[in-house]
Amino acid sequence: MEKSDFGKTLIFAHRGANRETAENTRLAFEMSLEYPIDGIETDVQLSRDEIPVLWHDQHLDKLGLPGKVIDEFDFEQLQRMDFAGYFSSETKPEAVLSLKEFLKAYRGGCRLQIEVKNFDWEPVRRHEIKMMRCIDLISAW
């Protein structure tokens, strides 16, 4: 943030335009940019093979996988799932979005707020890996 931003209220699209389409999807982020926002907020978790991906909830219940978590699937498996269809049967299917893809698409267009999700049931080492993967990607862009 620039020094001039301190004390200024900034408006972030929470998980994109999540009232209009499935949260944390490319469509949600694209739609959010149509509003007078300062930035986009998103959530990051790790796939089983340690790829940072965008997903807020602890479980994948919305995708019809009750009790399952992101950590149980490799990135390739997550790419074959529809992360948008739960919102509406008319929504175009979207695979999980990686943090790398998100940064590449939106970093130059607005501010980004990245929330790294850590859950109590995860080993501390998993938290450390998640943070390092995110820091590495963010600093590379």
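The values are calculated or read from the model by the stated rules, or taken from the named source; none is laboratory data. Note that the coordinates shown come from a computational prediction; the quantities given were computed from them, not determined experimentally. Glycine also receives a Cβ, built like all others from the backbone with ideal geometry; neighbour counts cover every protein chain displayed. Accessible surface areas use protein heavy atoms only, side chains included; no ligands, DNA or RNA. Shrake-Rupley method; radii C 1.70, N 1.55, O 1.52, S 1.80 Å.
A compact table of results
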{"read-out": "Residue within region 16-38 that is in a strand (DSSP E or B), among the polar types (S, T, N, Q) and modelled with pLDDT of 95 or more present", "value": "no"}
{"read-out": "Test for residue 41: is it surrounded by 15 or more Cβ atoms within 10 Å (Cβ to Cβ) and not in a helix (DSSP H, G or I)", "value": "yes"}
{"read-out": "Members of region 97-116 found to be over 15 Å from residue 13 (Cβ atoms), of a type in the set (A, V, I, L, M, F, W, C) and either open to solvent by 70 Å² or more (accessible area, probe 1.4 Å) or in contact with a Lys or Arg (Cβ under 9 Å, 6 or more places away or on another chain) (or both), listed by number", "value": "99, 116"}
{"read-out": "Scope region 46-90; condition in a helix (DSSP H, G or I), open to solvent by less than 30 Å² (accessible area, probe 1.4 Å) and hydrophobic (A, V, I, L, M, F, W, C); matching residues", "value": "70, 78"}
{"read-out": "Filter result for the condition that a residue is in contact (Cβ under 8 Å) with a residue 40 or more places away in the chain, farther than 19 Å from residue 114 by Cβ and of a type outside the set (Ser, Thr, Tyr), over 33, 27", "value": "27"}
{"read-out": "Single unsatisfied condition, residue 106 versus (1) under 30 Å from residue 6 (Cβ atoms); (2) without any contact (Cβ under 8 Å) to a residue 24 or more places away in the chain", "value": "(2)"}
{"read-out": "Looking only at region 91-137, and only at residues there that are assigned to a loop (DSSP other than H, G, I, E, B) and of a type in the set (D, E, K, R), the one that is nearest to the chain's Cα centre (by Cα)", "value": "117"}
{"read-out": "Residue 94 touching a helix residue (DSSP H, G or I) at 6+ places or on another chain (Cβ under 7 Å), open to solvent by 30 Å² or more (accessible area, probe 1.4 Å) and closer than 14 Å to residue 25 by Cα", "value": "yes"}
{"read-out": "Any pair with Cβ under 9 angstrom, 6 or more apart, that starts in region 5-20 at a residue that is free of Cβ contacts under 8 Å to residues at least 12 places away in the same chain and closer than 13 Å to residue 34 by Cβ and ends at one that is surrounded by 11 or more Cβ atoms within 10 Å (Cβ to Cβ) and basic (Lys, Arg)", "value": "none"}
